[in-house]
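*Asks:* The structure that follows is given in the form of structure tokens.
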Amino acid sequence: MGFSSTLDDALSQSVEHTINMIAAMFEMPRQQVYLLLSAAIDFNVTQVVDITPKAFTV
């Protein structure tokens with residue numbers, strides 16, 4: 001999940017958190033996880049009317 005003052009930054013944080021989590025869980029290099037997620041990631045925006053936009057990856 002990502003939280004930031006802009007939606008772009010929230011999405012970027014969400015991707016970074018996902019990469020870090022999967023890399024740690026499966027002991028995979030970050031580059032390999034990034035390539036895997038490039039084919040399998042989807043974004044959902046949960047709030048844009050609030051002061052801080054939120055986004056998460058699925």
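The values are calculated or read from the model by the stated rules, or taken from the named source; none is laboratory data. From a predicted model like this one, the values you see are computed outputs, not experimental measurements. Because the Cβ atoms are built from the backbone with ideal geometry, glycine has one as well, and the counts that use them run over all protein chains shown. Surface areas here come from the heavy atoms of the whole protein model, side chains and all, with no ligands, DNA or RNA. Shrake-Rupley method; radii C 1.70, N 1.55, O 1.52, S 1.80 Å.
*Asks:* Please indicate, with yes or no, whether at least one residue in region 28-38 is part of a loop (DSSP other than H, G, I, E, B) and at pLDDT 90 or above.
*Replies:* To start, the set of residues in region 28-38 that are part of a loop (DSSP other than H, G, I, E, B) comprises 28-29.
Those still in the list that are at pLDDT 90 or above too: 28-29.
Checked region 28-38: at least one residue is part of a loop (DSSP other than H, G, I, E, B) and at pLDDT 90 or above.
*Asks:* Going by the conditions given, is residue 45 part of a strand (DSSP E or B) and either at pLDDT 75 or above or open to solvent by 60 Å² or more (accessible area, probe 1.4 Å) (or both)? It would help to see each step written out before you state the result.
*Replies:* On the way: part of a strand (DSSP E or B): yes; either at pLDDT 75 or above or open to solvent by 60 Å² or more (accessible area, probe 1.4 Å) (or both): yes.
When the stated conditions are applied, residue 45 passes them.
*Asks:* For residue 16, all conditions in the list (1) of a type in the set (Asp, Glu); (2) surrounded by fewer than 11 Cβ atoms within 10 Å (Cβ to Cβ); (3) at pLDDT 85 or above hold save one; what is the number of the exception?
*Replies:* Result: residue 16 fails condition (2) only.
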